[in-house]
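Structure first, commentary second.
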Amino acid sequence: MTLTKKIIIFMIAGAILGLILNLSDLNQDPFVDTYLTGGLFHIIGQLFIKALKMMVVPLVFVSLFCGTTALREPAMLGSLGGRTLGLYLLTTAIALVVALTFALLIGVGSGAEIPTSLEYTAKADKSLIDVILNIIPSNPVMAMAEGNMLAVIVFAILLGFSASQAGEPGQKVIAFFKALNEVIMKLVMLIMQLAPYAVFAILTKVFAQLGIDAINTLAGYFFTVLGLLVFHALVIYPLILKAFAGLSPSVFLRKMEAAWSFAFGTSSSNATIPVTLRTVTERLGVNKAVGSFTIPFGATINMDGTAIMQGVATVFIAHAYGVDLTTTQLLTVVLMATMASIGSAGVPSAGLVMLQGVLLQVGLPVEGIALILGIDRLLDMTRTAVNITGDAAVTCIVAKSQNQLDETVFNDPNAGEIKD
Ligand code: ASP
C-alpha cells in the first residue's frame, strides 16, 4: 500500500474513533480524557508536529541554497525569481479578493454569539517596518534560531548565489550542501513514515474534543472557508494554468494527489516539500533546477489557502463583534494578509498566529481568534493542500515560460508514478 493511501485510511479511522468517543460521551470519562486523548494521542501528535518543525530551518535553508546554485546564470536567477515572486503574489491577492468579496456578500459571522469563556492570549505583533527590516538578518544564526524564515530565505539565496560564482572553492561548498540536502530529505521521509499513526492520533483527539456540534455552531465560517479553498484549487489554479501556460488542468490536478494527502495529513507545506518537489519534477516534467528553487521558496512565502482563511476570519470576527469594515480596512487586510502569508513558515497553525497581525492592523479584537480556534485544525489541513497546489501551479507556469518544462512528461499519466 502506498503511504498516501495509508495516511488517508488512518485519517478516516481517527476521525471515526474520535466521533464515537465524542458521541458516546466517553471523551468526558476521566481516564479517556487524561490518559488517552489528552495523554497518549496528544503526545504522539505533538511529537510528530515537533519533528516536522525541527526540519523547517534545515530543510528550507539547504534546499533553497541548492536550488539557487542550480541556477548558474545570474540572469536566470533574476528572471526566474522575479516571475515566481510575481505569480506567488498575484495568486495570493486573487485569493484574498475573492475570499473577502464572498465573505462580505454572504455576511459571514453576522449574529454569531461571542462566548466569553474563551480565552486567547495574543503574542506581540511586529509592525510592517519591522517585517521589512527583518528581511536582512544582522545575525543569520539568530534568524535561524528564531525561525525568522524570510531572513533565512534571503541568506540562503545570497549564499547560494555567491557559491555558484566563487569558482573552485564554491563548487566544494555546493557538493557538500548537495549531499546534506539528500540527508535532510531522507530524514524528512523517515519522519513521514510515521505520519499515518500521528495523523490517526491527531484526528482522534480533534474529533473527540470537537464532535459535530463545534462545526455546527461555526458552520457558516467553516463551510465558507472550505468552499473558497476548494474553489481556489479547482477553479482559479486551473484557469491560470490554462491562461498563462496552456497546460491541462485536469492532468495537473490528478498528479497532485500524493502531495495533497501529505499536506492534508501533516498540515505543513514545509514538511511536504520533498513530495511536492518530486511531483513537479518527476510527474509534471519541471526541470529540477527550477523546481528546487521555486518549491521551497513557495512553501515559505506562498500561502493562498492561509490568505483565504485570514480574509474570511477577519470578516467573520468583524461581524461577530458588530463592526463594519471600511474600504481602507479591507485594503489593509489584503496587504497585511499577503505579508503574513510571506512571513509565516509552512508549519501547522502558522496562519492562525499570523492572523493576529492582520486583526491588530485593522483594529479588531485579537481575542476574536478564540472563536475559530477550535475548528482551525480541520481547515489547516485543507488550506495546506491549497498552499502547495499554488506552489506547484506557479512552478509549472514559470518552468513553461523558461522552456524548462517537458510537456511529454507533463501529459504522460504514468510519468514518475510513485509505487512503494
Ligand atoms: N499549515 C499551513 C502550511 O503549512 C500554514 C497555515 O495556514 O497555518 O501551509
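Key figures
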item	result
Label-to-label distance, nm, for residues given as S110 and L194 (7 Å Cα→Cβ offset)	4.8
Signed unit charges on C-beta, dipole axis of the stretch 145-252, positive-most listed residue P169, G147, A233	P169
Relative contact order %, the stretch 199-356, counting alpha carbon pairs below 8 Å whose residues are six or more apart	23
Lys/Arg +1, Asp/Glu -1 at C-beta; the chain dipole; positive extreme among T314, V280, L203	V280
Rounded FRET efficiency, nearest 0.05, which uses the C-beta distance separating V251 from T327 and R0 of 41 Å	0.55
Packing-based ranking, highest mean first, of 303-314, 74-85 given that Cβ atoms within 10 Å are counted	303-314, 74-85
Whole-number D in µm² s⁻¹ for the chain, Kirkwood Cα-pair radius fed into Stokes-Einstein, 20 °C, 1.002 mPa s	98
Distance in nm between pseudo-label sites at L187 and A219 (7 Å out along the Cβ direction from Cα)	4.7
Positive-pole candidate from S24, A75, Q46, dipole of the stretch 1-88, charges at beta carbon	A75
Size of charge dipole - the stretch 263-382 - debye, nearest 20, with Cβ of Lys, Arg +1 and Asp, Glu -1, no other charges	420
Value of D in µm² per second that Stokes-Einstein yields for the stretch 310-393, Kirkwood Rh from Cα pairs, at 4 °C (1.567 mPa s)	98
Contact order relative to length of the chain, as percent, for alpha carbon pairs under 8 angstrom and 6 or more apart	30
By average C-beta atoms within 10 angstrom, highest first, the peptides 384-393, 238-247	384-393, 238-247
Net dipole in debye of the chain [+1 Lys, Arg Cβ; -1 Asp, Glu Cβ; about Cα centre; nearest 20]	1020
Residue-span extension gain [S138 to R72] - 0.36 nm each, minus C-alpha spacing	21.1 nm
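None of the figures in this text is laboratory data; all of them are computed from the coordinates on show. Since the structure is predicted, the reported quantities are computational estimates derived from the model, not experimental observations. FYI the Cβ positions are ideal-geometry reconstructions off the backbone, even for glycines, and counts take in every protein chain you see.
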